[in-house]
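Written out below as structure tokens is the structure these notes cover.
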Amino acid sequence: MAGSPRRAAGRRLQLPLLCLLLQGATAILFAAFVRYNPETDAALWHWGNHSHADNEFYFRYPSFQDVHAMVFVGFGFLMAFLQRYGFGSVGFTFLLAAFTLQWSTLIQGFLHSMHGGRIRVGVQSMVNADFCAGAVLISFGAVLGRTGPAQLLLMALLETVLFGINEFVLLSLLGVKDAGGSMTIHTFGAYFGLVLSRVLYRPQLEKSKHRQGSIYHSDLFAMIGTIFLWVFWPSFNSAPTVLGDGQHRTALNTYYSLTASTLGTFALSALVGERGRLDMVHIQNAALAGGVVVGTAGEMMLTPFGALAAGFLAGTVSTLGYKFFTPILEAKFKVQDTCGVHNLHGMPGVLGALLGVLVAGLATHEAYGEGLDSVFPLVAAGRRTATSQAIYQLFGLLVTLTFASVGGGLGGLLLKLPFLGSPADSQCYEDQVYWEVPGEQEEEAQDPLRAEEPDSRA
Amino acid sequence: MAGSPRRAAGRRLQLPLLCLLLQGATAILFAAFVRYNPETDAALWHWGNHSHADNEFYFRYPSFQDVHAMVFVGFGFLMAFLQRYGFGSVGFTFLLAAFTLQWSTLIQGFLHSMHGGRIRVGVQSMVNADFCAGAVLISFGAVLGRTGPAQLLLMALLETVLFGINEFVLLSLLGVKDAGGSMTIHTFGAYFGLVLSRVLYRPQLEKSKHRQGSIYHSDLFAMIGTIFLWVFWPSFNSAPTVLGDGQHRTALNTYYSLTASTLGTFALSALVGERGRLDMVHIQNAALAGGVVVGTAGEMMLTPFGALAAGFLAGTVSTLGYKFFTPILEAKFKVQDTCGVHNLHGMPGVLGALLGVLVAGLATHEAYGEGLDSVFPLVAAGRRTATSQAIYQLFGLLVTLTFASVGGGLGGLLLKLPFLGSPADSQCYEDQVYWEVPGEQEEEAQDPLRAEEPDSRA
Amino acid sequence: MAGSPRRAAGRRLQLPLLCLLLQGATAILFAAFVRYNPETDAALWHWGNHSHADNEFYFRYPSFQDVHAMVFVGFGFLMAFLQRYGFGSVGFTFLLAAFTLQWSTLIQGFLHSMHGGRIRVGVQSMVNADFCAGAVLISFGAVLGRTGPAQLLLMALLETVLFGINEFVLLSLLGVKDAGGSMTIHTFGAYFGLVLSRVLYRPQLEKSKHRQGSIYHSDLFAMIGTIFLWVFWPSFNSAPTVLGDGQHRTALNTYYSLTASTLGTFALSALVGERGRLDMVHIQNAALAGGVVVGTAGEMMLTPFGALAAGFLAGTVSTLGYKFFTPILEAKFKVQDTCGVHNLHGMPGVLGALLGVLVAGLATHEAYGEGLDSVFPLVAAGRRTATSQAIYQLFGLLVTLTFASVGGGLGGLLLKLPFLGSPADSQCYEDQVYWEVPGEQEEEAQDPLRAEEPDSRA
């Protein structure tokens, strides 16, 4: 049946039609709702008689550009470590993130920034949309190579909505601080993806085992992703914080935290490696955990020492996770996690949330001075104690885990819809299924999506 | 004759002598004419008693750096898709752009920014010079792999002059708006290169057909170029606009336009691909058309919806161009276009110019408020109506096409000068002709430039 | 003996223990000494009632990010040209630089920026720490592939201290100007590494000769490093200069200098190449010499012509160095120099120092106006003549050469400590010694550090 011409034609049209449908829908909603904000609108900006130097562009655009490079270059190439899935890693990152930027502008706009029935956009909304794309790409990492582009677009469609709601609940309703997204981006994206991966569990995946590793040059391409993420992460965490000391301190904390996670990762990787050898998987991923772990506390008065300690802890936990926990996750919990997002985003994200609980709970007027108002406005205004802020932070983590798990479960059911094409168990981690691959003998996969063997997922 | 020792020695000296000659000439002209401007000169800046925060450096340098990365990283790696021409793509990009930055400083300086007999330089002239390098690299893309470095330097020498004149006519004489260069950069560069390629037409090119495609890893190197171009394009279009809302709005419009061209490209690529498979050539190139198409209108009140619609149109047209029009261009019009610049820069550039006509024609005092003066100063001053501005914009497109075509024709004749080395028809798209290639059996090409067969071009 | 189990276990633990020890030590010192500065501390910043726009973050962070990318992306990939040492090049760059950022914060802090017994950190200290990492990576380039990670960490430990002292002597005691570090970074890093390499001289290195070259794709990875260094170098030299015209002029001078070194490099490479072919080694390295040579004079009134002339000279000297001097350095002086740092950093660094002597000596009140105070404060204050400033500059070069040579000698002795693992002569330039390499037959190197033959160094 899967090989019948009509089914094949239907699958062939799935991606184009879905892209056109989604693009058409977002375009209509843009026409109806999205407008320039007072910093991007010619009439509104000049009406205010501002100095051009006051435009928020000059305070946030350089950071935005770094974030933008992280999302497309960083995530894209980081996932290109697989020997036969470089096109899919970089290419589907490109597709998913491009769609998410549009869709998230709408969702976040409806939830956070409606003014007079209109969504007002500028550099802040660009940063926010890129952040949502980051979360979607984290989830993509969990199911990399085992899902088709149409499935992934539907995942992004759903995840963006839940991301927006979760973010709204945390930031707007609960008054939780999470500038760099330890909770809203990393924890949410990781557990959404892992639960979704659980629903899509493939018991016969060893049929694609031979393609699941890297080759020498694919590991170097992945290092492009790693290094760009590492270098620009200070901009990621600081992009949405309050201006002035807020951005400055957040960037500094992230910078130090990453150096410590790198040292921790090299130490642990050599320690647990066979004959003391370093493992590229650890270096490519766990060294980045220092950025994740200060996503919440980075804007707080964490202290430089605090940043080092947190980064080191995250790097070691993450490396140990790759070595010891990923196999258990698959064997015991039936969660296949291609990129190890549980180690890079899941555990460090939760640690980062808990670090936020701790540092918020320790906040004093003395340590923050007049700056308390910009970091913890509710505490400064006397509406909360530092301890109750800490409890709200903890509650934010629980809310995030709940949204992520329920959302991931729903997402998994959505992606199992039988008409959605998905690579056969023996065709996972293989670009040829969705891409014209140069110089390939094409016999192997006449119909890229045909079920070569009984498909275990349907 | 081509193999005679004297001729071989002459060819061997061609590139070094040309480099030295050009560098010597620009250095002398720099000594005579180029001076720091009031923002880079110690005495002039401090004489004015400015606050350092007012220095234009802080408003334009971050955007400049993104543009600079696009020119060298973006164009260089984008063209590295060929299996045996990575050194030439990245290396000749490096050479051509480095020369063009110097030469264009002079040409643009003579035409635009002479003050008291001196060319005054600073970050604006750096941006402008990089823009000219962009146009030269677009033309390079049309003849990639079929021309030698000495030929390419001569092309850059001529093209930079014509680029400067065309830009001067449009921006200074006609009062046309074209911040991101849909006309001056993309349309000009593409048609200059295509007409030049027409003059250099090689009927026997199938002798190098086997080297004309990509291999797996060369496609990934090309994606480095694509992604950096895509990510930084908002900075490209906004780098030279008016400060404040102008830069901000332009970046925002470009950001949205690119997301839509990406979705359009994926949709169309899968639709026209064999068995619904995606084609890397489309993803690497057509997804960028959204940046080209808002090069003129990006600074105007295009609206976010307008940006999406324009980007989507450009992405689909560009993809269809690669699929259906490139073969016709070669077969019917005898224009060989290695990188498909007609699809990425030519058609989207013309579309972008027409979009500028449309959006300029729709400009009202109501929509722009006091900002009208910075976007359409002649309209704001009452010296033109919006409609006449639109007509000037259209006229600018025609002027550009004329300059590009005549210039490309002249360029082609120049590059056919018989003493200029050029790879034989069977040696196109091959790095070994101009580069020491590691681990190569060197028998194949004893004299890299000898004519192995009757050369069809001389 | 080397193969005994206890020795093998000891070596296996060397890297992890050293990483943990160093991280522990820096963390304790951070806890004791490192604090936020008034621009990153919430209480201090808000106490001052500043406008957020005045925060130094907005003046230096974009440049810092470019520098940060250069250190990790640029140096890392530039050294990835070796066919079998990409993991080591990118990976050990990552490790060394991460450690150096922490350690240098402390060393530079103790020497330059103690306030009330505390080291105050912000974006300036981030730039300074990255600069020190640059020097360490230059030294790494001299011994690339012939040293293990534990050795390299010890090198960084020592070099960072000497770098800090040398910098302190030049900038604080002698009042020497060296914003972009022609002396403090390039000359120091190069000669430190070369003397160290001399001490570690391996007469039997031809046993690894077959791995010492590049392959096609490793050369393209190296070009990623080259191009990012080239593009961002204007930010490197300008990152620590005075604000306003100082940063602006420095970036402009560097931009022009690099274009000229690129043209000079292409000219000379083709001139001295076999049959006129270009050599990737030259293009990857010598084209960057234009950035090195204006490291001192870039912030001065060098004039655009001066920048071109200096860059051209540096590019040609550097290319000739690779062609003719590197073999002599090994044969006559027993200095093995994997990346040719003598050609890229050593000679151009010395030239840059001498250029600084010249331009400082020519400084006049007329040329600098009120800006003299920010470029040469001691001359402006009448405490020095321009000539005496020039003499101090020259003296700074001699001090740097002395510190570098003595330090490199000490470093070499340190790295020869017999218990430190080091690859055997036949295992140099080979990733498998320290890394899990995918898809390798593992028989070749059962114990990665065993001495396969009598080791010539111990």
note = The convex hull of the Cα atoms of the protein assembly as shown, divided by residue count, gives a volume in Å³ per residue of 160
query = With respect to the cross-link table entries B:Lys207/B:Lys334; A:Lys177/A:Lys323; C:Lys209/C:Lys332; C:Lys177/C:Lys323, which display a Cα-Cα separation exceeding 21 Å?
reply = A:Lys177/A:Lys323; C:Lys177/C:Lys323
query = What are the distances, in nm and sorted shortest first, from the label point of C:Ile391 to the label points of the same position in each other copy, with each label point placed 7 Å from Cα along the Cα-to-Cβ direction?
reply = 7.4, 7.4
query = What gaps in nm, shortest first, separate B:Pro327 from its twins in the other copies when you place the label 7 Å past Cα toward the beta carbon?
reply = 5.2, 5.2
query = Whose amide H sits under 5 Å from the amide H of A:Gly421, counting only residues 5 or more places off or on another chain, with H placed in the peptide plane?
reply = none
ask   = In sequence order, what are the phi-derived ³J(HN,Hα) couplings for segment A:337-342 according to the Karplus relation 6.51 cos²θ - 1.76 cosθ + 1.60 with θ = phi - 60°, rounded to whole Hz, with x for glycine and proline?
value = 9, 3, 9, x, 5, 4
task = Take every DSSP beta bridge with both residues inside the protein assembly as shown and express the antiparallel ones as a percent of the total, to the nearest 5.
result = 45
query = For C:Leu137, what charge total do you get from the other residues with a beta carbon under 12 Å from its beta carbon, if Lys and Arg give +1 and Asp and Glu give -1?
reply = -2
task = Report, for A:His365, each distance to the same residue's label point in the other copies, shortest first and in nm; define the point 7 Å along Cα→Cβ.
result = 5.5, 5.5
message = Placing unit charges on C-beta atoms (Lys and Arg positive, Asp and Glu negative, everything else neutral), compute the dipole magnitude of the protein assembly as shown about its Cα centre in debye, rounded to 20.
response = 660
query = Around A:Ser269, with a cut-off of 13 angstrom between Cβ atoms, what is the net charge of the other residues, counting Lys and Arg +1 and Asp and Glu -1?
reply = +1
request  = Please list the helices of chain A that count as membrane-span-like by this rule: a mean Kyte-Doolittle hydropathy of at least 0.5 together with Cα atoms stretching 15 Å or more along the helix axis, each helix being a complete DSSP H run.
outcome  = A:5-33, A:86-112, A:123-143, A:149-167, A:188-199, A:216-238, A:304-320, A:347-361, A:386-415
ask   = Excluding the sites themselves, what is the longest stretch of chain A that contains no trypsin sites (Lys or Arg not before Pro) in a DSSP loop with at most 13 other C-beta atoms within 10 Å?
value = A:1-331
key: Other-chain or far-sequence residues with amide H under 5 Å of C:Val34's (modelled H)   = C:Ile119
task = Please work out the C-alpha center-to-center distance from segment A:44-82 to segment A:215-238 and express it in whole Å.
result = 18
task = Count, for each residue of B:211-217, the Cβ atoms from other chains sitting within 10 Å of its Cβ, then give me the mean as a whole number.
result = 4
query = So what is the relative contact order of chain C, in percent, for Cα pairs below 8 Å that sit 6 or more residues apart?
reply = 22
inquiry  = I'd like the FRET efficiency for A:Ala331 and C:Ala25, computed as 1/(1 + (r/R0)^6) with the beta carbon distance as r and R0 of 51 Å, rounded to 0.05.
reply    = 0.85
request  = Using label points projected 7 Å from each Cα along Cα→Cβ, tell me how many nm separate C:Leu17 and C:Asn49, to one decimal.
outcome  = 5.8
ask   = Tell me which C residue has its C-beta closest to the axis rotating C onto B, and the distance in Å?
value = C:Pro62, 3
inquiry  = Tell me which of A:Ser422, A:Leu229, A:Phe77 sits at the most positive position along the dipole axis of chain A, charges placed on C-beta atoms (Lys, Arg +1; Asp, Glu -1).
reply    = A:Ser422
task = When a/c is below 1.5 the answer is rounded, else prolate if a/b is larger than b/c, else oblate, so apply that to segment A:1-122 with a ≥ b ≥ c taken from the square roots of the Cα gyration tensor eigenvalues.
result = oblate
request  = Would you mind getting the Kirkwood hydrodynamic radius of segment A:151-252 from its Cα pairs, rounded to one decimal in Å?
outcome  = 16.8
message = Given the -39500 (n - 2.57) contribution per DSSP H run of 4+ residues, what per-residue ellipticity at 222 nm results for chain A, rounded to the nearest 500 deg cm²/dmol?
response = -19500 deg cm²/dmol
message = Could you tell me how far the Cα centroid of segment A:90-108 sits from the Cα centroid of segment B:248-305, in Å?
response = 13
ask   = Averaged across the residues of C:295-305, what count of C-beta atoms belonging to other chains lies within 10 Å of each residue's C-beta?
value = 3
key: Average other protein chain Cβ within 10 Å of Cβ, residues B:15-24   = 6
Isotropically averaged projected area of chain C, using the convex hull of Cα atoms (one quarter of hull area), nm² = 22.6
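Any read-out appearing in this document is the output of simple, stated calculations on the displayed coordinates, not a laboratory observation. For clarity, every value in this text was computed on a predicted model and none was experimentally measured. Neighbour counts are summed over all protein chains in view; Cβ atoms, including those assigned to glycine, are modelled from backbone coordinates with ideal geometry.
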